[in-house]
Amino acid sequence: MSSNSLDTNLQVAQRVHAIEPFRVMEMVKAAALLRRAGHAIISMSVGEPDFTAPDIVADAAVAAIRGGVTQYTESLGLPELRAAISGHYAATQGLDIDPRRIVITAGASAGLLLACAALVGQGDEVLMPDPSYPCNRHFVTSFGGTPILVPASFEDRYQLGAHHVHERWTARTRGVLVASPSNPTGTSMTPAQLRDMLAAVRARGGFAIVDEIYQGLSYDHVPVSALALDPDVITVNSFSKYFNMTGWRLGWLVVPDSLVPVFEKLAQNLFICAPTIAQHAALACFQPEALAIFEARRQEFQRRRDYLVPALRELGFGVPVMPDGAFYVYADITALDHPLRGDSAALSMALLNDAHVAIVPGDDFGVAAPARHVRFSYATKYERIEEAVARLARELQR
């Protein structure tokens, strides 16, 4: 028997069938094919900063390698890094977070996996807004849980509210998983909205996981962490977005003190530790020189948003609520003067093929209204965004 025939007879776990492909990658592949054919593609699809780690961070990584400090760290992470993150919460939000409660992870994805491993049991239901980041529901599914996508309108800032918790909580519901600011919408929960939602979950004895990986990229207000509102909330954060370290695979959790041993045990068994070199490099992120660079880059993202949102509205895209964080615009296509305005997947592919601008259809982000929405990422240079808008204008005004 050939190795190929043997492979096709292997049985995969049933849970795999409940996990859908990440469709945004299909757009990435299609764009790559056109690029290889010689077309100048402008990508507004992938949510990855065009900035990379500053020199001070790269230099710290090189120093760690040359200094031979590359062995495993404690499973909870370098004590110095946990202390630095605690200090960052104090400096930016006035929060007193015990470093003991901070768990360093191999990216926010590993943090979400640890949180779901700790809290989600077989058959447990977890509420989350629709639209939301697709991997969040798959993290829940991976541990036998059932993600419950709750349609959230622009009146709710596309976020899960206390009224959704009241309406959708059942005997099988165990908690909620939300993100603020959100991917794909770029909207944050207001402090009052977040407080009321957390109180509704707490009243039912449930857990709340709040993804705050884009909180450093907030534009119109000083962000308020869920940690300021509920002592039992679990927050997820990352060095990928604000700190521009996507491929370094480094993030962190803040968990209640009583759960630290639980997360430590899981981290020991599932990951041993987060990447050591990345941890040493991340210490440099909190140096004044690095923080000044990150702040300048945050302001540049805001400049891009302030250009792109009005430009899209002028083209006929519906953006009913201004995204106040991250680097995404979630746009309604139904008012466009275009024959594909009811099919976001077909429209996205047409704009890629004809205008050579890559955006993402709503398919990945939920089931409530994916065909009427597309996501734009402005994690690319301002001049490229201007050119993309010009191309879209020519295509849509034909």
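The values are calculated or read from the model by the stated rules, or taken from the named source; none is laboratory data. The structure displayed is predicted, hence computed values, not measured ones. As a convention, Cβ positions derive from the backbone with ideal geometry for all residues, glycine included, and neighbour counts pool all protein chains shown. For the accessible areas, the whole protein counts, side chains as well, though only heavy atoms, and no ligand, DNA or RNA atoms are used. Shrake-Rupley method; radii C 1.70, N 1.55, O 1.52, S 1.80 Å.
General observations
- All conditions in (1) more than 30 Å from LEU392 (Cβ to Cβ); (2) within 25 Å of the chain's Cα centre (by Cα); (3) not small (Gly, Ala, Ser) hold for THR73, with the sole exception of (2).
- Flag for CYS116 being open to solvent by less than 40 Å² (accessible area, probe 1.4 Å), modelled with pLDDT under 95 and closer than 30 Å to GLY247 by Cα: no
- The criterion of at least 3 residues that are farther than 29 Å from ALA90 by Cβ is met by the following helices (runs of 4 or more DSSP H) wholly inside the range 128-235: 134-142, 162-168.
- Selection over the range 22-55 of residues that are open to solvent by 60 Å² or more (accessible area, probe 1.4 Å), farther than 19 Å from MET245 by Cα and under 17 Å from the mean Cα position of the chain (by Cα) gives a count of 3.
- The range 243-275: number of residues that are among the aromatic types (Phe, Trp, Tyr) and touching a Cys at 6+ places or on another chain (Cβ under 9 Å): 1
- Considering only residues in the range 120-179 that are of a type in the set (Val, Ile, Thr) and open to solvent by 40 Å² or more (accessible area, probe 1.4 Å), the one that is farthest from GLN14 (Cα to Cα) turns out to be THR170.
- Residue within the range 91-98 that is closer than 23 Å to ALA290 by Cα, open to solvent by less than 30 Å² (accessible area, probe 1.4 Å) and of a type outside the set (Phe, Trp, Tyr) present: yes
- Residue match in the range 56-73 (condition: surrounded by 18 or more Cβ atoms within 10 Å (Cβ to Cβ), touching a Ser or Thr at 6+ places or on another chain (Cβ under 9 Å) and part of a helix (DSSP H, G or I)): yes
- Elements of type helices (runs of 4 or more DSSP H) in the range 286-398, at least 3 residues being within 26 Å of HIS88 (Cβ to Cβ), of a type in the set (A, V, I, L, M) and open to solvent by 20 Å² or more (accessible area, probe 1.4 Å): 288-315
- In the set (1) without any contact (Cβ under 8 Å) to a residue 60 or more places away in the chain; (2) under 23 Å from GLY87 (Cβ atoms); (3) surrounded by 21 or more Cβ atoms within 10 Å (Cβ to Cβ), the condition left unmet by MET197 is number (2).
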